[in-house]
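The values are calculated or read from the model by the stated rules, or taken from the named source; none is laboratory data. None of these values were measured; they are calculated from a predicted model. So basically every Cβ, Gly included, is an ideal-geometry build from the backbone, and we count neighbours across all protein chains shown. For accessibility, only protein heavy atoms count, side chains too; no ligands or nucleic acids. Shrake-Rupley method; radii C 1.70, N 1.55, O 1.52, S 1.80 Å.
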Protein chains: 2
Amino acid sequence: MKIVILGTGEVCRLLAPAFLSLGHEVVVGTRDPEATMAGNPRYRLLAARHPELRLVSFAAAAEAADRSGLVVNAISGPVCLAALIPLAESLTGQVVMDVSSPYDWSRPDAVLDPVNTDSLGEAVQRALPGSHVVKTLNTLAAQVMPEPGAVGPDHTVFLSGDDETAKARVGDLLRALGWRDVLDLGGIGTARATEMMLRLWIDASRALGTHLLGFKIVR
Amino acid sequence: MKIVILGTGEVCRLLAPAFLSLGHEVVVGTRDPEATMAGNPRYRLLAARHPELRLVSFAAAAEAADRSGLVVNAISGPVCLAALIPLAESLTGQVVMDVSSPYDWSRPDAVLDPVNTDSLGEAVQRALPGSHVVKTLNTLAAQVMPEPGAVGPDHTVFLSGDDETAKARVGDLLRALGWRDVLDLGGIGTARATEMMLRLWIDASRALGTHLLGFKIVR
């Protein structure tokens, strides 16, 4: 299928090759493609390794999206809403996999915003009212998202979203990446639960001295 | 050792027999012992089964605490601070194991208070400035706290606290109850992380149809 990745940061650089290796077509959207190629050496390296990747503007990427494929919101949490709102019409009917965190990594504290009475997943759904938003993979280091085995054989990835067909499509993609325990928590409101786990991820990473960790719901 | 449990709810009813069976002396504190015996039939049943349990007022329980033992805050989250503040002087120098959640179970929503920029664990530490507060067991159903095997052989219990000796004592008690993976997250500020997991516990319990679940940090 065709997968559009919005954002050219670490998440894009790790997910794009994994999607390509599964045989998917990948289009990457960025604010300014020329600026990305000039000023983002890590993305340039990715593009050199994978000449089949297409890099276009956010607007062109949203236009290129296919309703039988999916769109990944891999834009940094604090700024993603401003980037997504202008794309709402183009993304109508699309499945949007949202992996963002309501967290500004440049801040020294670990304060989430929004939190508790709202979530970034819900805010993305409100920003894209015609799309089917599925929150997932946001409880993990980017390195682990496409490679669950980097942590261990058995840990849990979560799905939150209001559309069952959209969740099934995202779940299939996750299983193709090697995820075995894909847990559907319910509607997009359950993104509050997984976004709030970021705090534990930060503290446990510090305590254990590694970002390579996963959460298993033992039952 | 002598263990003082403050509160006569479900947590007390499940922890007290477990502590007794390990050979500890257990004193239970409540607002009004006569009212508890008259109006709390589940506690009355516990007391009938375990005549060695002593039920006294919060103030008498705090006075009875032993610096080589520990005190458990098993009072309902929203009201525990008001009950603890008058005990601060008596509890000076004591290890206080705080298992509370910043959550009002009678509310239909699942909103935490405090959250994100504060935690109930930190608030308990501020209410008891001379005590050594250790947050733990708050990520689990009460039934699982003293019996990790009720869920499965291997899941994680967390420790947050500023005093290493206090955390070591609580960790030893947890291991005696059967906990194998006791993860020290750091200072009491890390209670924010585990208190925020309540939301995932609620949503995952609903999705899986059971409260008998645990969180394993896979690494």
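Of everything in the range A:182-208, what is outside any helix (DSSP H, G or I) and closer than 30 Å to residue A:67 by Cα? Give them in sequence order. Show your work before the answer.
Let us first name the residues in the range A:182-208 that are outside any helix (DSSP H, G or I), namely A:182-187, A:197.
Selection gives A:182, A:183, A:184, A:185, A:186, A:187.
Which one of these is touching a strand residue (DSSP E or B) at 6+ places or on another chain (Cβ under 7 Å), farther than 17 Å from residue A:161 by Cα and among the hydrophobic types (A, V, I, L, M, F, W, C): A:85, A:75?
Sole residue among the options that is touching a strand residue (DSSP E or B) at 6+ places or on another chain (Cβ under 7 Å), farther than 17 Å from residue A:161 by Cα and among the hydrophobic types (A, V, I, L, M, F, W, C): A:75.
Which ones in the range B:182-216 are in contact (Cβ under 8 Å) with a residue 24 or more places away in the chain, open to solvent by 10 Å² or more (accessible area, probe 1.4 Å) and among the β-branched types (Val, Ile, Thr)?
Across the range B:182-216, the qualifying residues are B:182, B:188, B:190, B:202.
Within the set of pairs 6+ apart or on separate chains, which have a first residue in the range B:82-93 that is under 13 Å from residue B:6 (Cα atoms), a second that is among the basic types (Lys, Arg), and C-beta atoms under 9 Å apart?
Hits for this filter: B:83/B:31.
Take residue B:179 and decide whether it is of a type in the set (Phe, Trp, Tyr), touching a residue at least 24 places away in the same chain (Cβ under 8 Å) and farther than 27 Å from residue B:65 by Cβ.
no
So which residues in the range A:23-45 are within 18 Å of the chain's Cα centre (by Cα) and of a type in the set (A, V, I, L, M)? Give the derivation first.
Here is the first cut: in the range A:23-45, the ones within 18 Å of the chain's Cα centre (by Cα) are A:24-31, A:43.
Across the range A:23-45, the qualifying residues are A:26, A:27, A:28.
Every residue in the range A:117-146 that is out of contact with any helix residue (DSSP H, G or I) (no Cβ under 7 Å at 6 or more places or on another chain) and more than 16 Å from residue A:75 (Cα to Cα), please. Working first, answer last.
Taking the range A:117-146 first, the residues out of contact with any helix residue (DSSP H, G or I) (no Cβ under 7 Å at 6 or more places or on another chain) are A:117-118, A:126, A:129-131, A:137, A:140-141.
Those that are out of contact with any helix residue (DSSP H, G or I) (no Cβ under 7 Å at 6 or more places or on another chain) and more than 16 Å from residue A:75 (Cα to Cα): A:117, A:118, A:126, A:129, A:130, A:131.
Scanning the range B:83-109 for residues that are of a type in the set (A, V, I, L, M, F, W, C) and over 14 Å from residue B:121 (Cα atoms), which turns out modelled with the lowest pLDDT?
B:105
Which numbered condition trips up residue A:181, out of (1) at pLDDT 95 or above; (2) farther than 23 Å from residue B:199 by Cα; (3) within 12 Å of chain B (Cβ to nearest Cβ)?
(2)
Quick one: how many residues across the range B:189-201 are among the aliphatic types (A, V, I, L, M) and more than 7 Å from chain A (Cβ to nearest Cβ)?
Of the residues in that region, 2 qualify.
Which residue out of B:151, B:157, B:124 is in contact with a Phe, Trp or Tyr (Cβ under 7 Å, 6 or more places away or on another chain), of a type outside the set (Asp, Glu) and modelled with pLDDT of 95 or more?
Exactly one of B:151, B:157, B:124 is in contact with a Phe, Trp or Tyr (Cβ under 7 Å, 6 or more places away or on another chain), of a type outside the set (Asp, Glu) and modelled with pLDDT of 95 or more, namely B:157.
In this structure, is residue A:186 modelled with pLDDT of 95 or more and facing chain B (nearest Cβ under 9 Å)?
Against the criterion (modelled with pLDDT of 95 or more and facing chain B (nearest Cβ under 9 Å)), residue A:186 qualifies.
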